[in-house]
1. Name the single residue, out of those in region 569-579 being part of a helix (DSSP H, G or I) and loosely packed, with under 12 Cβ neighbours inside 10 Å, that is nearest to the chain's Cα centre (by Cα).
2. Sort out which residues of region 32-47 are in contact (Cβ under 8 Å) with a residue 24 or more places away in the chain, open to solvent by 60 Å² or more (accessible area, probe 1.4 Å) and not basic (Lys, Arg), and write them in order of number.
3. Filter region 640-679 down to residues that are among the aliphatic types (A, V, I, L, M) and either outside any helix (DSSP H, G or I) or not assigned by the TED database to the domain that holds Ala532 (or both), then give me how many there are.
4. Hey, does region 689-703 have a residue that's of a type in the set (A, V, I, L, M, F, W, C) and assigned to a loop (DSSP other than H, G, I, E, B)?
5. Starting from region 525-543, keep only residues that are closer than 17 Å to Glu675 by Cα and among the β-branched types (Val, Ile, Thr), then list their pairs with residues that are open to solvent by 20 Å² or more (accessible area, probe 1.4 Å) and part of a helix (DSSP H, G or I) whose Cβ atoms are within a distance under 7 Å, requiring at least 6 positions of separation or different chains.
6. Looking at this structure, is Phe165 aromatic (Phe, Trp, Tyr) and outside the structural domain of Gly232 (by the TED database)?
7. Answer yes if at least one residue in region 624-639 is within 26 Å of Leu699 (Cα to Cα), open to solvent by 10 Å² or more (accessible area, probe 1.4 Å), at pLDDT 95 or above and assigned to a helix (DSSP H, G or I), and no otherwise.
Amino acid sequence: QVLLVFAEEDEQSNGFRWACDKAGFRCNIARTPQSALECFLDKHHDIIIIDHRHSRYFDAEALCRSIRTTKASENTVIICVVQRHTDREESSILPLISAGFTRRYVENSSRMACYNELIQLEFGQVQAQFKLRACNSLFTALEKSQEAIEITSEDHVIQYVNPAFETMMGYQIGELIEKELTEVPINEKKADFLDTINSCIKIGKEWQGMYYAKKKNGDSIQQNVKILPVIGQGGKIRHYVSISRLCNDNNKVEKTCECIQAESQTDTQTCRHKDMRKGSLDVRSTTSRGSDGSSQRRRSSMARVHSMTIEAPITKVINIINAAQESSPMPVAEALDRALEILRTTELYSPQLGTKDEDPHTSDLVGGLMTDGLRRLSGNEYILSAKQTHQVAGSLSSPISLNDIPPRITQAMENEKQWDFDIFELEAATHKRPLVYLGLKIFARFGICEFLNCSESTLRSWLQVIEANYHSSNSYHNSTHSADVLHATAYFLSKERVKQTLDPIDEVAALIAATVHDVDHPGRTNSFLCNAGSELAILYNDTAVLESHHAALAFQLTTRDGKCNIFKNMERNEYRTLRQVIIDMVLATEMTKHFEHVNKFVNSINKPLAALEENGNNGDGESIKTVLRSPENRILIKRMLIKCADISNPCRPREQCIEWAGRISEEYFAQTDEERRQGLPVVMPVFDRNTCSIPKSQLSFIDYFIIDMFDAWDAFADLPNLMEHLNNNIKYWKGLDGRNLRVLRPPP
């Protein structure tokens, strides 16, 4: 396919058009850079011819650069038509090459000249590009091969190994590329054996036989090996391709594979000579050290990919299952196939909803909370408060001291150490400013100012700035919710098992993370922001949009003004550690990773602790400490702690649970109203204020997100009072649903 880009029709464009017809090429014509780019992205032409003779119409080099920025242009030949100048010196072609042109064509409107140019392109650059395009398929075949494959240069320098090689030999590709083959130790038998192999491959013949290879860990393994020389430029051997399979004790070849490079331990080898196929692919262009920058990047990219994935536990599991399938009866092999399909999904931790009988309340909740939305379906844009001026310390009145708190507020906070503490009473007493007062008391109890080496006035200013940047207009995601999560976090931190596990810096990070975890929340879900094309969704690439914003804004608000910078006196490394923990905990509140966090907690902490108890090691402090205190498990515990604090509403006393249910429902109702008003996709259609059943929505949320998580957290932290509230609240919502009531409370 050919695309002609000429601003006006003239003899030159007509010449190329005639040439396309004669050659049997499909031809499109574009008059403007925009139409040219759109046409190319639609058709993916093999050849593009751009008129560079008249700069007054458009910038040909700029158009070429625009085309080259697209993925589709990777194998496209772009020709530049330039003016013929007989009265001045020949100009350099380098600017055209830099712009992305493949070659230039000095204007010649002769039809046969145009035809000859196209034919030369077809059998030259275009055909070469077709071969390069096919290389992607060849590399895919190599990557997926069950046999271990190694490619070396004529100097026996390793150029490529496939995943089967890495897996079975214990190496990563980055450890091997550009390294010379390990020399075989010389003795009489081994020298003879090596000479036998070389006598085959040096004259262009294939060698096949069996010998032992040594893995990275030192283990020796027997292999069936085939080594093939590859004839390349100048009719010389340019590469060697080695293919190997693992043999069992009976020399029976198994499906799992091994690399060929290693120490030989047998002299009973056979050698079969075969003529090399003359048409063998010359892989030098894609793998040799003498290749161009593009192939170097290709090799480097492959090395990075393998170093990231080959050692992953899931990869090892898949390889084990693949090997097991070979010797399994058909029903077992088919069952393993189904298991592999599940394991290869990216959503390993997310339960799959049914398609027919699933409760719409559950599917809507899951869709709204665990996805990043549909792509934008309208021209409407939702502008979050990214443009609004955030409150800073200097714009706020001086906060009150902890010693001067009014009696009503002091009374409202009397039992803040208890789980049944009523946050709504404090909200009323503080005129919707509970975070400053509760924060001052809890932070004082945990000695936060002493740890941070900051004054109480700095802490007060910080709390006031953070609270001022919560939206009081939100029915749910406001500073009362933040104060509630802070209270739950402090309560969990006081539990004995948690105190055994976390360090002081973890406690400080948890309390700060709870305070800021929803700052500047717009009262809309991530899915809504992504669908609306909001500035924040664009900024954070539709991924953990709100949670990323909360964490980033919290540090911006804190560090921009010394009056509220609670971190200003910290030592640099300690601050970096604290900051990292805070960010990790805030990001953990994002619901798309909910099941991943819960499952990792269960498998890494709950189950090992249970096993210790079952084995009679309940009193073995060292064994328990090993489980609790490992850095990886402490991260999981902190994530679980803030997740449970964030959505603990169903575990609160009934009246608080009901109030929170009404508030979150109202926020979802408002979102649905706005989605319909703006013509956006409705993320949670079930949250229509005219038809929604709040009891059903609560039961769905509890069943899907809460029960398993709090069972696991209770098993760890021992929270019988929370579980009792949860069971009572489930009975309450079921009672309303059983009477087909859709409201928060039964009628009087």
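1. Top of the filtered list is Arg576.
2. Thr32, Leu41, His44
3. Here the count works out to 1.
4. Yes, region 689-703 has at least one match.
5. Partner pairs satisfying both residue conditions: Thr525/Leu369.
6. Spelling it out, it is not the case that Phe165 is aromatic (Phe, Trp, Tyr) and outside the structural domain of Gly232 (by the TED database).
7. There is at least one residue in region 624-639 that is within 26 Å of Leu699 (Cα to Cα), open to solvent by 10 Å² or more (accessible area, probe 1.4 Å), at pLDDT 95 or above and assigned to a helix (DSSP H, G or I).
So that you can scan it fast, the table gives a plain yes or no per residue for (1) touching a residue at least 60 places away in the same chain (Cβ under 8 Å); (2) among the aliphatic types (A, V, I, L, M); (3) open to solvent by 60 Å² or more (accessible area, probe 1.4 Å):
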{"position": "Val2", "(1), (2), (3)": "yes, yes, no"}
{"position": "Lys22", "(1), (2), (3)": "yes, no, yes"}
{"position": "Ala30", "(1), (2), (3)": "no, yes, no"}
{"position": "Ile49", "(1), (2), (3)": "no, yes, no"}
{"position": "Ala60", "(1), (2), (3)": "no, yes, no"}
{"position": "Lys71", "(1), (2), (3)": "no, no, yes"}
{"position": "Cys80", "(1), (2), (3)": "no, no, no"}
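The values are calculated or read from the model by the stated rules, or taken from the named source; none is laboratory data. Since the model is a prediction, treat every value here as computed from it, not as a measurement. Cβ coordinates were reconstructed from backbone atoms using ideal geometry, including for glycine residues, and neighbour counts include every protein chain displayed. Surface accessibility is based on the protein's heavy atoms, side chains included, excluding ligands, DNA and RNA. Shrake-Rupley method; radii C 1.70, N 1.55, O 1.52, S 1.80 Å.
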